[in-house]
């Protein structure tokens with residue numbers, strides 16, 4: 001049986017195998033793509049030992065009025081003999097631009113993650129909403145508001161700020177996602193951030209805020225050095241856990257694209 005955490009990669013591989021060959025067979029339709037890979041990590045040995053690795057793969061496909069975005073990341077952290085992180089994250093969004101216009105469009109999304117820090121064995125979220133995009137050349141802003149369904153399994157059942165003590169939690173959610181990116185210094189510096197806000201439709205106290213910021217410095221064409229800061233606040237959480245965690249990563253990024 002295939003482990004569920006590898007499902008996003010298998011779906012992504014299927015998309016690449018079916019879509020890119022079709023592009024070579026048809027010259028009437030327009031396909032633009034962006035693919036980038038990132039890698040970061042460190043290793044310390046001796047009295048204090050630590051192995052940390054972070055990686056990611058992003059895919060952006062635009063085919064006529066259809067737009068597919070996929071973001072996958074993985075983080076591993078083992079300090080001495082304790083496993084701190086072995087976490088997957090995947091977010092896939094499919095958008096449709098009516099008449100090619102991006103001012104207001106429908107979209108669907110699917111999100112999966114697991115987290116040793118928050119003792120989440122698996123979290124599935126999927127929904128539908130309306131979005132809007134603004135492209136000003138040096139700035140690209142994207143907003144999506146959606147209604148979603150969540151099915152999460154935790155390693156524990158006693159939650160702070162909640163009377164729903166179940167290891168498996170099912171929620172209806174309101175979601176707001178903001179993506180924004182800037183290019184500076186003649187496109188030599190790139191800054192971007194993503195904000196997620198989740199609000200449970202069952203419990204007013206159940207609120208999550210996820211923030212991710214990234215600064216990239218172009219070295220040569222397609223290759224850049226980056227710094228990533230991730231912050232996560234979860235108001236409803238298992239007992240003994242902090243309501244927030246953050247992390248800073250340094251690494252390299254390589255991009256391949258045929259669009260702007």
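For the chain, with a Gaussian network of springs between Cα atoms less than 10 Å apart, report the residue from 217, 166, 198 with the top mean-square fluctuation.
Maximum fluctuation in the GNM of the chain, among the listed residues, is at 166.
Any idea how far apart residue 37 and residue 49 come out in nm if each label point goes 7 Å out from Cα toward Cβ?
Simple spin-label model gives 2.8 nm for this pair.
To make sure I understand, if each residue's beta carbon is the centre and we count other beta carbons within 10 Å, what order do 174, 250 fall in, fewest to most? Intermediate results must be reported in sequence, preceding the final value.
Details: 174 15, 250 12.
So the residues, fewest neighbours to most, are 250, 174.
Compute the helix-to-body angle for 7-25: its Cα long axis versus the longest principal axis of the chain, expressed 0 to 90° and rounded to tens.
Approximately 0 degrees, to the nearest 10.
Just 239, 85, 150 to compare: in a GNM of the chain, with alpha carbon springs under 10 Å, which one fluctuates most?
239
Quick check on the chain: helices-only [θ] at 222 nm, where DSSP H runs of length 4 and up contribute -39,500 (n - 2.57) each and the sum goes over total residues. Nearest 500, please.
On the way: 1 runs with 19 residues, N = 260.
My calculation for the chain gives -2500 deg cm²/dmol from helical runs alone.
Could you line up 255, 42, 82 from fewest to most neighbouring Cβ atoms inside 10 Å? Each step should come with its number before you reach the end.
Details: 255 16, 42 13, 82 9.
Ranked by crowding around the Cβ, least crowded first: 82, 42, 255.
Please give the Cα centre distance for region 227-260 versus region 136-176, rounded to the nearest Å.
Using only Cα atoms, the two centres lie 16 Å from each other.
A short reminder: the numbers here are calculations on the coordinates, not readings from a lab. Please read these numbers as outputs of a predicted model, since none were measured by experiment. So basically every Cβ, Gly included, is an ideal-geometry build from the backbone, and we count neighbours across all protein chains shown.
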